[in-house]
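Since the structure comes first, as structure tokens, the remarks are kept for the end.
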Amino acid sequence: MNDLHGILFAYRSDANLGELTRPRNTCSLAFGGRYRLIDFMLSNYVNAGITDVGVIVHESYQSLLDHLGSGKDWDLSRKHGGLRILPPFSYAEQGHGEYRGNMEALAGVAGYLKNIRQDYVIMAWGDVAVNLDVEAVYDQHIASGADITVVCTPTLNGAPRFSEYVEVSADGRVTDLSVHPTSAGKALESLEIYVMSKQLLMDMVEYCAAHDVHSFSRGVLQPRLKSLKLMPYIHQGYAGRFQSVGDYFQRSMDLLDPAIRADLFNPARPIRTKDMSNPSTYYGPNSVSKCSLVADGCYIEGEVENSILSRGVIVEKGAKVVNSVLMQGTVVKAGASLAYVIADKNVTINADRMLMGHSTYPLAIAKGTVV
Amino acid sequence: MKKEVVAMLLAGGQGSRLYALTSHVAKPAVPFGGKYRIIDFPLSNCVNSGIDTVGVLTQYRPLELNSYLGNGQPWDLDRSDGGVHILPPYMREGDQGTWYKGTANAIYQNIGFLDLYDPEYVVILSGDHIYKMDYADMVDLHKKTGAACTISVLEVTMEEATRFGIMNVDAEDRIFEFEEKPKHPKSNLASMGIYVFTWSKLRQYLIDDEADPNSSNDFGKNIIPNMLAAGEKMMAYRFQGYWKDVGTINSLWDANMDMLAPRSSIDLYDPSWPIYARTPIKPPHVTGPDAKISHSLVTGGCQVDGTVENSVLFHSVTVEQGADVQYSILMPGAVVKAGAKVSYAIVAENAVVESEAVVGSAPDDSPEWGIAVVASGVTVGEKAVVSPSAMIREDVKGGERA
């Protein structure tokens, strides 16, 4: 048990993810066969005993609403607290499209923030695949006496121009923060997950709203590095970020590594997701399934190798799927052949089609396409 | 609040013919078909038929069943009015109260529960059949014909009819005679143990039956014959489709194998009639570089590195490299280690078959042959051998034969 309130930013729609995020924001991107990206941070919160979570959305959040529902699959459907979806309500600069920064997003839900009943807040992006021990982050935050704790990873995997990095002094305090630099150097990569007191957050949100500051990193952290005690929490496990189609493909293939799976799907801190009541996956008499991650509800009569299959995928006789990621409801008809393909939800590949991408440039097929 | 229809699910039976599989759990909680437990079928049928109030009558080893049902959320039965209710036998004032003496007595003891909802009709179900059925359709027939009782029947062959309770009907499908396991059946309509009663009628018959000291308080033996004798209108509801009793090891194994041909038995993939289950949180299953899977069901959390053919794997099953699983049912958490061979067997929850052990074998002509069963939590040691039709309840040491 702890005194933490969870906030998730779920309004990012990354242009570099192209076809994969056009109908949705990155948080509702399917990943790992049965998950949406938001499942990871949301489960991390729940696994740490957090009972109240606010999810800040802006636009194209229909698929996210559909996925989260009342929050019951995360045990967040509660009489008090539980899951709250926070669409834009009233913020100063309406009509700008996306929020210009997370401080603007927080200002937009200021009324909600005031009513938070916990003394501490954790906030994070909802589109990172990570199994984070949030309770440990909180414990360290309290023990260290930091004003703000930022979760960092020693294994760099984000593209520098979309990432943030911290430099840490000998006494373990963050001395520098660089935002979207041209190169990363040897600094620690920030996962942009922060723990702080509710009071500090409220003060900062008020200050930023009054001074038209939108960015937490640039507008709050950078100018105040000397006055605020900012401490890193080093997450040693896996963390996957999704900034391009290539990233998405690589992170998916990461899951074929047993060590990464063991870390990400740690049974002590399970990743929860929407229950769809799928039956088991059926393998036909001459099917082949090798080195693959296959969700429930699939019907496989063809060949699958080195691939990730989401719920309800059909691979007909004679079809071959290699090094590919097939999202929910993809149908690969008889004799079709796929290599290095990412097929979004409900894509149909007709009989005998051959589609081939490359490991560095996988072929992404938009939702609902018939090839 | 008043409900038009309430379902009562008889889940108190021990299921003694499932032997080792029900030594820890009630029969309706026995895993089935990769993702389910037996009780998911009647429960999902209720929800899909629009019945939102279900009483589940338990008395034998109810703990696992109770925690499985919980608040009924996986079946959308967590309602503010109605929902799923677990109904164990209970004590009354003055040291009164008994175990459920029979199926009819179980309902009799819960007249108070039914009176809370004051239903027009009560649907009586049992927890040992695998089928999909629209109870609403059956209730419609019951209403339309103005029957006091409607019994769901299945057409079987005349040879099979000798093993069932047989309904003899007139041209309008009105039942005029009931014969339990007749030597010379007059019809091939077998009772499926699914009844719709007009509650006001049934209520009186239950009270009268309880007053009869010679009654065995059973629907098939007492209530149905009594109603027939009294001239009540009793109708047969003809059911078509897959229906299987899973009360024995062989029929349980058979029915699981049937799920491998979903297009011809029960289509679990049909979105219009989903079968719901409480699903543990597990990642997708993983197949290794040497995995060989054919004609099988595999579920979340499994790790398959060996050979799996004609088998049903529940969640979190491990089949190591070089292991060979044929025509078998591996229940949640079962482990088959490297080089072990499992064929024509049911390996229950969390049982471990150590490396190079052999469990069961392909059918031969010997009369002793049968499905081998390894009970939950049991370890079959390295290079041990479990003979076909063996029922293993305790660990088998390495190299031994059981």
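The values are calculated or read from the model by the stated rules, or taken from the named source; none is laboratory data. From a predicted model like this one, the values you see are computed outputs, not experimental measurements. We place every Cβ from the backbone using ideal geometry, glycine too, and count neighbours over all the protein chains shown.
Tabulated data for the structure shown
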quantity: Residue match in the stretch A:184-194 (condition: of a type in the set (A, V, I, L, M, F, W, C), over 27 Å from A:Ala262 (Cα atoms) and modelled with pLDDT of 85 or more); calculated: no
quantity: Residue count for the stretch A:283-296, restricted to those that are crowded, with 24+ Cβ neighbours inside 10 Å and either of a type in the set (Phe, Trp, Tyr) or more than 7 Å from every other protein chain (Cβ to nearest Cβ) (or both); calculated: 1
quantity: Failed condition for B:His129, given (1) over 18 Å from the mean Cα position of the chain (by Cα); (2) in contact (Cβ under 8 Å) with a residue 12 or more places away in the chain; calculated: (1)
quantity: Residues within the stretch A:180-198 that are in contact (Cβ under 8 Å) with a residue 40 or more places away in the chain and either surrounded by fewer than 17 Cβ atoms within 10 Å (Cβ to Cβ) or touching a His at 6+ places or on another chain (Cβ under 9 Å) (or both), tallied; calculated: 6
quantity: Residues that are in contact (Cβ under 8 Å) with a residue 40 or more places away in the chain and under 25 Å from A:Ile342 (Cα atoms), drawn from the stretch A:43-65; calculated: A:Glu59, A:Ser60, A:Tyr61, A:Ser63, A:Leu64
quantity: Any hit, the stretch A:109-120, residues being within 23 Å of A:His235 (Cβ to Cβ), modelled with pLDDT of 90 or more and surrounded by fewer than 24 Cβ atoms within 10 Å (Cβ to Cβ); calculated: yes
quantity: The stretch A:268-282, subset hydroxyl-bearing (Ser, Thr, Tyr), assigned to a loop (DSSP other than H, G, I, E, B) and free of Cβ contacts under 8 Å to residues at least 40 places away in the same chain, residue nearest to the other protein chains (Cβ to nearest Cβ); calculated: A:Ser280
quantity: Some residue of the stretch A:320-336 being within 20 Å of B:Pro332 (Cα to Cα) and charged (D, E, K, R); calculated: no
quantity: Residue selected from the stretch B:239-297 under the condition basic (Lys, Arg) and buried (at least 16 other Cβ atoms within 10 Å of the Cβ), by the criterion farthest from the other protein chains (Cβ to nearest Cβ); calculated: B:Lys244
quantity: Which numbered condition A:Gly302 fails, given (1) buried (at least 18 other Cβ atoms within 10 Å of the Cβ); (2) touching a Cys at 6+ places or on another chain (Cβ under 9 Å); calculated: (2)
quantity: A:Ser324 surrounded by fewer than 18 Cβ atoms within 10 Å (Cβ to Cβ) and more than 30 Å from B:Ser44 (Cα to Cα); calculated: no
quantity: Criterion: small (Gly, Ala, Ser) and in a helix (DSSP H, G or I) - qualifying residue of A:Ser289, A:Ser252; calculated: A:Ser252
quantity: Qualifying positions in the stretch A:322-349 - in contact (Cβ under 8 Å) with a residue 60 or more places away in the chain, assigned to a loop (DSSP other than H, G, I, E, B) and of a type in the set (A, V, I, L, M); calculated: A:Met327
quantity: Identity of the residue in the stretch A:198-226, assigned to a helix (DSSP H, G or I) and of a type in the set (Ser, Thr, Tyr), that ends up nearest to the chain's Cα centre (by Cα); calculated: A:Ser217
quantity: The listed residue being touching a residue at least 12 places away in the same chain (Cβ under 8 Å), more than 24 Å from B:Gln109 (Cα to Cα), outside any loop (DSSP other than H, G, I, E, B) and not β-branched (Val, Ile, Thr), out of B:Leu228, B:Leu154, B:Leu202; calculated: B:Leu154
quantity: Residue among B:Asp305, B:Asp324 that is within 12 Å of chain A (Cβ to nearest Cβ), out of contact with any Cys (no Cβ under 8 Å at 6 or more places or on another chain) and modelled with pLDDT of 95 or more; calculated: B:Asp305
quantity: Criterion violated by B:Phe314 - all others in (1) surrounded by 24 or more Cβ atoms within 10 Å (Cβ to Cβ); (2) touching a helix residue (DSSP H, G or I) at 6+ places or on another chain (Cβ under 6 Å); (3) among the aromatic types (Phe, Trp, Tyr) satisfied; calculated: (2)
quantity: Where B:Ile329 falls short, out of the listed (1) under 26 Å from B:Ser387 (Cβ atoms); (2) facing chain A (nearest Cβ under 7 Å); (3) crowded, with 23+ Cβ neighbours inside 10 Å; calculated: (2)
quantity: Filter result for A:Phe265 (in contact with a Pro (Cβ under 7 Å, 6 or more places away or on another chain), within 14 Å of another protein chain (Cβ to nearest Cβ) and crowded, with 19+ Cβ neighbours inside 10 Å); calculated: yes
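For every residue, the table says whether it meets (1) surrounded by fewer than 24 Cβ atoms within 10 Å (Cβ to Cβ); (2) aliphatic (A, V, I, L, M).
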| residue | (1), (2) |
| --- | --- |
| A:Gly33 | no, no |
| A:Leu37 | no, yes |
| A:Phe40 | no, no |
| A:Asn47 | yes, no |
| A:Thr51 | yes, no |
| A:His58 | yes, no |
| A:Ser63 | yes, no |
| A:Ser70 | yes, no |
| A:Asp75 | yes, no |
